[in-house]
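The values are calculated or read from the model by the stated rules, or taken from the named source; none is laboratory data. Everything quoted here is computed from the prediction, not taken from an experiment. Neighbour counts are summed over all protein chains in view; Cβ atoms, including those assigned to glycine, are modelled from backbone coordinates with ideal geometry. These area figures cover heavy atoms from the full protein model, side chains too; ligands, DNA and RNA do not enter into them. Shrake-Rupley method; radii C 1.70, N 1.55, O 1.52, S 1.80 Å.
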Amino acid sequence: MQDRRSFLLTLPAAAGLNSVLRAATTGPVPFGVLPSSRQLLWHEMEVYSFLHFTTNTFTDKEWGYGDESPSIFNPTAFDADAIVAALKAGGMKGVILTCKHHDGFCLWPTKTTDHSVKGSPWRGGNGDVVKEISQVAAKHGLKFGVYLSPWDRNTPKYASPEYIAMYRAQLTELLTQYGPIYEVWHDGANGGDGFYGGAREKRRIDKKTYYDWPTTWALVRKLQPNAVIFSDVGPDIRWVGNEKGYAAETSWATFEPVGEDGGEASPGNVKTKDSMGGTRGGSKWLPAECDVSIRPGWFWHEKENEKVKSSRDLLDLYYKSVGRGGSFLLNIPPDRRGLLYEADVASLKGFGDMVHSIFATNLAAKAKVTASSVRAKSKEFGPERLLDGSRYTCWSTDDAVTTADVVFDLGHDVEFNVIRLRENLKLGQRVEGIAIDQWRDGDWRLVGEAGSVGSCRLIRTAEKITASKVRLRVTKSPVCPALSDFGLFLDAGA
Ligand code: FUL
């Protein structure tokens, strides 16, 4: 005779029940456009650096005209190891080098032009800044990225089709000779006055058509499939629309770039006022990269040695870039010795130390958590997932539940002034309203709010809060939430 349990399981009704149970524990359906795997890896980096270094360092200029002699590039004590070690001490996860800036001088011995380190007295003309920085970056565990200016004020070829071939040949050298590249940076400043091999004239190009960007981007994909490509319009990372290092208070990873004239956008031709906040419901996953220099200029100038941003200034920008779902790209320019200037190094180290000490301990880590709603009542989507340290597990609710809350019982009074939230980006950027309350005098009181979360949201409270119970509320979301992280931290110096 058939065993009663297996008999039941063969009944159509039981089969139905099984599929209901299975369906109920499946994860939330991803919402909207999603990040690629290379974008997810980039999101995890959060903080990395720029090195602006070229003949400008020696001429005291920001934009070289292109007629500089390579012989002026002669750092007296270039030390890639010291530079990268200082970046690492500041908590940087990667370094992007200006392999060629607008002046056209190449920091590596390219075959495409003589306007390079080959013509410099540095290392007897046998030096290669790209090689030295990329090698020590790998040694110190920092990822390496390349900035290759699309505008070249030195070459006579600029503005002709031959220059596009030269640009792609330069890119090919950079992407094949220096190991893994995590980011390729295409600047939007293109065309204008220049030396152009002695022509000394103004050359305009059509930003929409001249570069044929899709072909260049395809080349990057072929040579370095894991590299994210940055420009005003992506295709992976967007410029945040200012060079001050911050994103909009409410900032979306999705973006619908529009050209200055309302038509198609291209690098150097985008309505930048939209770039700071992105576009809710935009058709592309194009998160913001917030670039800024530690000094007023991008290159080292002696007269700016007293104008280095303080560690606290940098921390404030961290809250306004990483803390708004973007990345923080901080430029620290080498000086004429080929070292980072002492004041810059000290500020950077102070910044790194502060980030490290503030975020070392999640003060909510051991809280008892209770949610008003849990997807299929399953542990897999329980509120404990907010504290497990993974970006890709999450607390979620049933599909029909779009507002819900989680109470964190801390067990004793905890002092904090920074709240961190993350969404599981594999399920898209979902929530549109978040509120945080503290339990005080027998009631819940609001201490912080946010409109967007995404990769990381850092909410600073107006003053330090002391509470033994804290509540997270999802107040607005088009679909069930999928939050992956909740943290409370104390920024003691704020
Ligand atoms: C700008 C350039 O013109 C600046 O010189 C600098 O490289 C900055 C990061 O991008 O568009």
Do you know which residues across the range 100-121 are of a type outside the set (G, A, S), open to solvent by 10 Å² or more (accessible area, probe 1.4 Å) and over 16 Å from Y163 (Cα atoms)?
P109, K118, P121
Can we say G262 is on the phi > 0 side of the Ramachandran plot, assigned to a loop (DSSP other than H, G, I, E, B) and open to solvent by 10 Å² or more (accessible area, probe 1.4 Å)?
yes
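The rows are residues; the columns are (1) in contact with a helix residue (DSSP H, G or I) (Cβ under 6 Å, 6 or more places away or on another chain); (2) within 16 Å of the ligand (Cβ to nearest atom); (3) open to solvent by 10 Å² or more (accessible area, probe 1.4 Å).
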{"residue": "G278", "(1), (2), (3)": "no, no, yes"}
{"residue": "C290", "(1), (2), (3)": "yes, yes, no"}
{"residue": "W298", "(1), (2), (3)": "no, yes, yes"}
{"residue": "G338", "(1), (2), (3)": "no, no, no"}
{"residue": "A346", "(1), (2), (3)": "no, no, yes"}
{"residue": "D353", "(1), (2), (3)": "no, no, yes"}
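Yes/no matrix, rows are residues, columns are (1) under 30 Å from S37 (Cα atoms); (2) surrounded by 22 or more Cβ atoms within 10 Å (Cβ to Cβ); (3) modelled with pLDDT of 95 or more; (4) not charged (D, E, K, R):
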| position | (1), (2), (3), (4) |
| --- | --- |
| G389 | yes, no, yes, yes |
| A400 | yes, no, yes, yes |
| D437 | no, no, yes, no |
| G451 | yes, no, yes, yes |
| R473 | yes, no, yes, no |
| L483 | yes, yes, yes, yes |
Would you check which residues across the range 412-435 are open to solvent by 20 Å² or more (accessible area, probe 1.4 Å) and closer than 30 Å to L34 by Cα and list them?
R420, R422, K426, L427, E432
Applying the selection to the range 131-150, what residues are out of contact with any Ser or Thr (no Cβ under 9 Å at 6 or more places or on another chain) and surrounded by fewer than 24 Cβ atoms within 10 Å (Cβ to Cβ)?
K131, E132, Q135, V136, A138, K139, H140, G141, K143
Residue pairs meeting the criteria (Cβ under 6 Å; at least 6 apart or on separate chains; first within 16 Å of V345 (Cβ to Cβ) and modelled with pLDDT of 95 or more, in the range 296-313; second part of a loop (DSSP other than H, G, I, E, B) and away from the ligand (no atom under 16 Å from the Cβ)):
W300/D335
Provide a single number: the residues in the range 291-328 that are closer than 28 Å to T55 by Cβ and either assigned by TED's automatic domain parsing to the domain that holds A450 or of a type in the set (S, T, N, Q) (or both).
2
Residue under evaluation N242, criteria (1) at pLDDT 95 or above; (2) surrounded by fewer than 13 Cβ atoms within 10 Å (Cβ to Cβ); (3) part of a loop (DSSP other than H, G, I, E, B), criterion not met:
(2)
Just to verify a result, which residue in the range 285-302, among those that are out of contact with any Asp or Glu (no Cβ under 7 Å at 6 or more places or on another chain) and in a strand (DSSP E or B), is nearest to D60 (Cα to Cα)?
S293
For residues in the range 86-97 being open to solvent by less than 30 Å² (accessible area, probe 1.4 Å) and without any contact (Cβ under 8 Å) to a residue 60 or more places away in the chain, which is farthest from the chain's Cα centre (by Cα)?
L97
